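What follows draws every value from the coordinates through simple rules; no lab data is involved. Owing to the predicted nature of the structure, the values given are computational and were not obtained by experimental measurement. So basically every Cβ, Gly included, is an ideal-geometry build from the backbone, and we count neighbours across all protein chains shown.
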């Protein structure tokens, strides 16, 4: 698969957009690890431990988008950016939009599950 080509429901971002998603995943991972560490060291109360869900979700979503060549936000907004353009391009095909929305929903659900499981482990173990 050529990462420069838009394929409905499969690929809607190019190399530059993928790099942004990778940075998003790394930033979320650093925040997740930091919050988990602080929660362990300072014995956070339950409601503060639950906040680890937010950076865990950001991290999971970033890495999932990076690995799948697919931006969830673009999929829901009916857009794609597989070139080096600064702005995303509107997708006009209704079938392509449906495929993109379906893929976006699936990737979001996977990221939510990963973040939920991680958060649950943090709450139970620390």
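What the table below lists for this structure:
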item: Over the stretch 5-58, relative contact order from alpha-carbon pairs under 8 Å, at least 6 apart, %; result: 35
item: FRET efficiency, 1/(1 + (r/R0)^6) with R0 25 Å, evaluated for residue 76 and residue 50 via beta carbons; result: 0.45
item: The chain: angle of helix 53-68 to the longest principal axis, Cα-based, in degrees nearest 10; result: 30
item: Angle between the chain longest axis and helix 94-125 axis [Cα atoms, degrees, rounded to 10]; result: 10
item: Anisotropy class of the stretch 82-126 from Cα gyration tensor, a/c 1.5 cut; result: oblate
item: Tilt relative to the chain, helix 15-41 - C-alpha long axis, 0 to 90 degrees, to 10; result: 10
item: Footprinting exposure proxy for 35, 73, 42 (fewest neighbouring C-beta atoms within 10 Å first); result: 42, 73, 35
item: Equivalent ellipsoid, the chain (semi-axes from 5 times Cα gyration tensor eigenvalues, Å); result: 33, 14, 10
item: √(5λ) per eigenvalue of the Cα gyration tensor, the stretch 15-61, largest first, Å; result: 26, 9, 4
item: Relative exposure of 100, 84, judged by other C-beta atoms within 10 Å (fewest first); result: 84, 100
item: The chain, relative contact order [Cα under 8 Å, separation at least 6], %; result: 35
